[in-house]
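One structure is given below, encoded as C-alpha cells.
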Amino acid sequence: GLASFTNSMLDKGTNLYDENSLDEALADLGAELSFPTNSETNSVRLRSLTNNQQNFQKGLDILINVLTKPKFDEKILQREIGYSVVELTDALTRPNVQVARVFNEIVFPNHPFGAMISVSSLNNIKTVDIKNFHKKYYVAQNAKILIVGDATKQQAEQIAEKIAVNLPNGELAKFPAFPPKTEKSDKIVLDHPATQSH
C-alpha cells in the first residue's frame, strides 16, 4: 500500500503545480503521465509527441518535477485513502480477489508479495511514511530508464542523462529473499455467500 500510494501521489501536486494545473500543463502539450505499480516496481511513464521538440522538453521537465519535487499533501492523501478504502471494500466481495489474496499469503509467507492491503493498513499510511519511502527509493541507483519511439541512440542517451542527473544518487534497494520452497500441498475452501461456485 505504501509503495503504490507513493507512486499514485506523485501527480497530485509538486512545488510548481497543483494537481489541476499539472493536468492542464500536460494537456496543453498533448502529453500524458501514468503511474503503473505492480508487486515489484513502481513506474512513471511519459507519453509525448516528439515532432515539437520544445513541447517534448517541457513534458520531460514536468516528468522530472513530478519525480523529484512532489508535495504529498495531507488532505489529498486522506481523500485518496478514502477512495481506496471504498474500492477495497468492494473488491473484497469478489471471489477472484479473495482467492488471489489467500493464494499470495500462502505462497509468500512473511514476504512483501504475501502482504495484502487491508482497510486498517490503508488507514495507517501517513504523509511522513510516503515522504520517507520516496526519499529512500526514488533515486538514481534504483532507476531503470526505458525509451521507446522516435529517438536516435544519442537523443535517448541525452534524455536518460537529463532524468538521472536530477535524481539523488541514493542506495540500491535490496530485494527481499523469497521464502523457502515447500513440498507440502494444501486444499483450501473459502466460503462465499454466492449462488454458484467459483
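General observations
- Just so you know, in segment 7-21 the residues that are in contact with a strand residue (DSSP E or B) (Cβ under 7 Å, 6 or more places away or on another chain) and part of a helix (DSSP H, G or I) include one that is least open to solvent (accessible area, probe 1.4 Å), and it is Asn7.
- Selection status of Ala194, without any contact (Cβ under 8 Å) to a residue 40 or more places away in the chain and open to solvent by less than 100 Å² (accessible area, probe 1.4 Å): no
- The single condition among (1) under 24 Å from Ile147 (Cα atoms); (2) not in a strand (DSSP E or B) that Leu33 does not satisfy is (2).
- Hits in segment 145-185 - residues which are of a type in the set (D, E, K, R), in contact (Cβ under 8 Å) with a residue 24 or more places away in the chain and open to solvent by 100 Å² or more (accessible area, probe 1.4 Å): Asp150, Glu171
- Selected residue (criterion: nearest to Asp186 (Cα to Cα)) from residues of segment 107-132 that are part of a helix (DSSP H, G or I), among the hydrophobic types (A, V, I, L, M, F, W, C) and open to solvent by 40 Å² or more (accessible area, probe 1.4 Å): Val107
- Asn104 being open to solvent by 50 Å² or more (accessible area, probe 1.4 Å) and not aromatic (Phe, Trp, Tyr): no
- Answer residue from segment 84-101, given it is hydroxyl-bearing (Ser, Thr, Tyr) and loosely packed, with under 14 Cβ neighbours inside 10 Å and is farthest from Phe72 (Cα to Cα) among those: Thr93
- Here Ser185 fulfils each of the conditions (1) assigned to a loop (DSSP other than H, G, I, E, B); (2) within 19 Å of the chain's Cα centre (by Cα) apart from (2).
- Gly59 vs. criteria surrounded by 16 or more Cβ atoms within 10 Å (Cβ to Cβ) and modelled with pLDDT under 90: no
- Close pairs (9 angstrom Cβ cut-off, 6 or more residues apart or separate chains): under 17 Å from Tyr83 (Cα atoms) and without any contact (Cβ under 8 Å) to a residue 24 or more places away in the chain in segment 1-21, of a type in the set (Ser, Thr, Tyr) and surrounded by 18 or more Cβ atoms within 10 Å (Cβ to Cβ) anywhere: none
- Residues within segment 53-72 that are under 17 Å from the mean Cα position of the chain (by Cα) and in contact (Cβ under 8 Å) with a residue 60 or more places away in the chain, tallied: 6
- The lone exception for Phe72 - which of (1) surrounded by fewer than 19 Cβ atoms within 10 Å (Cβ to Cβ); (2) closer than 18 Å to Asn124 by Cβ; (3) not charged (D, E, K, R) it fails: (1)
- Residue list for segment 133-144, restricted to those being under 15 Å from the mean Cα position of the chain (by Cα) and open to solvent by less than 90 Å² (accessible area, probe 1.4 Å): Phe133, His134, Tyr137, Tyr138, Val139, Asn142, Ala143
- Top-ranked residue of segment 36-56 - restricted to ones that are part of a strand (DSSP E or B) and either of a type in the set (Asp, Glu) or over 30 Å from Phe108 (Cα atoms) (or both), ranked as least open to solvent (accessible area, probe 1.4 Å): Leu46
The values are calculated or read from the model by the stated rules, or taken from the named source; none is laboratory data. Note that this is a predicted model, so its numbers are computed, not measured. As a convention, Cβ positions derive from the backbone with ideal geometry for all residues, glycine included, and neighbour counts pool all protein chains shown. With ligands, DNA and RNA removed, areas are computed over all heavy atoms of the protein, side chains included. Shrake-Rupley method; radii C 1.70, N 1.55, O 1.52, S 1.80 Å.
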